[in-house]
Amino acid sequence: MKMQTKAHYKSEIPEKKKEAHRRTNLRRGSLIPAVPRFGGNNGHDNHDATGIKAYAAQSAAASLGPFAIRRREVGSLDVQIEILYCGVCHSDLHMVRNEWEQTVYPCVPGHEIVGRVTKVGRGVKKFKEGDLAGVGCIVDSCRTCSSCQSGLEQYCEHDPVQTYNSKDTHLGGVNYGGYSKSIVVDEAFVLRVSDKLNLAAVAPLLCAGITTYSPLRHWKLGEGKKVGIVGLGGLGHMAVKFARSFGAHVVLFTTSPEKGADAIRLGAHEVVVSKDQVQMNQHLNSFDFILDAVSAEHDINAYLNLLKVDGTLTLVGLPQKPLGIAAFNLIGHRRQFAGSMIGGIAETQEMLDYCADHGIVSDVELISMDHVNEAYEQMLKGQVKYRFVIDMESL
Ligand SMILES: [Zn+2]
Ligand SMILES: [Zn+2]
């Protein structure tokens, strides 16, 4: 039934139009796969004045404010979750302000969700009422393409269904994210969450955590490897923790010398101020791997030059403009330049289990729901250590 709905939805989008959107989004360097436009405001289907409390932006220029939404009835494979905490990801801000020009309003963001299961469908096997549960950036995918079959749902060839601002394949309209009291998700896309860790600090693992864990695992970084992390923000601070935990020698690159002490506290062995050419030159041709978590404009060549033969530089940040790469910096040492986006469902579960076993969480600042607009402004100024998390009890 579900797949039929989905197939129908897919067939509604002319391939040409879809491709145009895809190209537009590629040009903008968007993390978020192309989303069909629904023609302006299309959220009313899921608006319900007496419904579930949420926070939404009504336009690109508007602040987030109270809004009531509808969630679908719990189907046989669905899990209903009372949201306890939701992390504030930088992409929430991009989406709310329509910076990727694909936002449908009203927009309820949030894809770092941790909560408690309040109801399960008859066919649900993984969860029961009362369990802790998490939801990350995607809530469905085609499940049949080669990516989905390989556990790489984030690279679904038919575009995964994102947690918000994707077409709601059940109710119509656009779907709503975690800045709300509850959510209903197919159990295949719900993660088990351990009660060993601070739940608020677990929430950012669902995006910032898996985004950094996945490439560090894919490129098999551990003991004996020298790993660079560029940027100490929401992503970078998790990358430092994981790389250190995997046994690598970790070097943090930052433009702000004052971040050095904190980087060491988080697990870095060394800190390099990237504006200091002398410091940079000391690391020429020495890295096995560099994870670049910076979205601001910066010179990628300065980091490519630090890779040794066969070294890899992987982007997880999202600079808006295309990057200029000097060919010699790649061919000279057979270096590789790559990208990575979140992680599949099985790998996200593996990451959460690893964090529970090793006591790894995000460094967070807990905020109330009505503080979120201020939090966005603080994020833009880099004034967060290192992730804001909304306490949904305040909603
Ligand atoms: Zn995110
Ligand atoms: Zn797929």
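Values for this structure:
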{"read-out": "Failed item in (1) of a type outside the set (S, T, N, Q); (2) part of a loop (DSSP other than H, G, I, E, B); (3) within 13 Å of the chain's Cα centre (by Cα), with Ile210 passing the rest", "value": "(2)"}
{"read-out": "Residue match in the range 333-345 (condition: among the β-branched types (Val, Ile, Thr) and within 16 Å of ligand 2 (Cβ to nearest atom))", "value": "yes"}
{"read-out": "Top-ranked residue of the range 70-84 - restricted to ones that are over 23 Å from the mean Cα position of the chain (by Cα) and open to solvent by less than 40 Å² (accessible area, probe 1.4 Å), ranked as farthest from Asp370 (Cα to Cα)", "value": "Gly75"}
{"read-out": "Enumeration of residues in the range 135-173 that are away from ligand 2 (no atom under 16 Å from the Cβ) and surrounded by 24 or more Cβ atoms within 10 Å (Cβ to Cβ)", "value": "Val135, Gly136, Thr163, Tyr164, Asn165"}
{"read-out": "Residues that are surrounded by 15 or more Cβ atoms within 10 Å (Cβ to Cβ) and among the hydrophobic types (A, V, I, L, M, F, W, C), drawn from the range 288-302", "value": "Phe289, Ile290, Leu291, Ala293, Val294, Ile300, Ala302"}
{"read-out": "Criterion (at negative phi, away from ligand 2 (no atom under 16 Å from the Cβ) and open to solvent by 40 Å² or more (accessible area, probe 1.4 Å)) met by exactly one of Gly324, Gly382", "value": "Gly324"}
{"read-out": "Flag if Leu252 is free of Cβ contacts under 8 Å to residues at least 60 places away in the same chain and crowded, with 24+ Cβ neighbours inside 10 Å", "value": "yes"}
{"read-out": "Number of the exception - Arg217 against (1) surrounded by fewer than 20 Cβ atoms within 10 Å (Cβ to Cβ); (2) in contact with a strand residue (DSSP E or B) (Cβ under 7 Å, 6 or more places away or on another chain); (3) of a type in the set (Lys, Arg); (4) touching a residue at least 60 places away in the same chain (Cβ under 8 Å)", "value": "(2)"}
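The values are calculated or read from the model by the stated rules, or taken from the named source; none is laboratory data. Since the structure is predicted, the reported quantities are computational estimates derived from the model, not experimental observations. Neighbour counts run over all protein chains shown; Cβ positions are idealised from the backbone, glycine included. Surface areas here come from the heavy atoms of the whole protein model, side chains and all, with no ligands, DNA or RNA. Shrake-Rupley method; radii C 1.70, N 1.55, O 1.52, S 1.80 Å.
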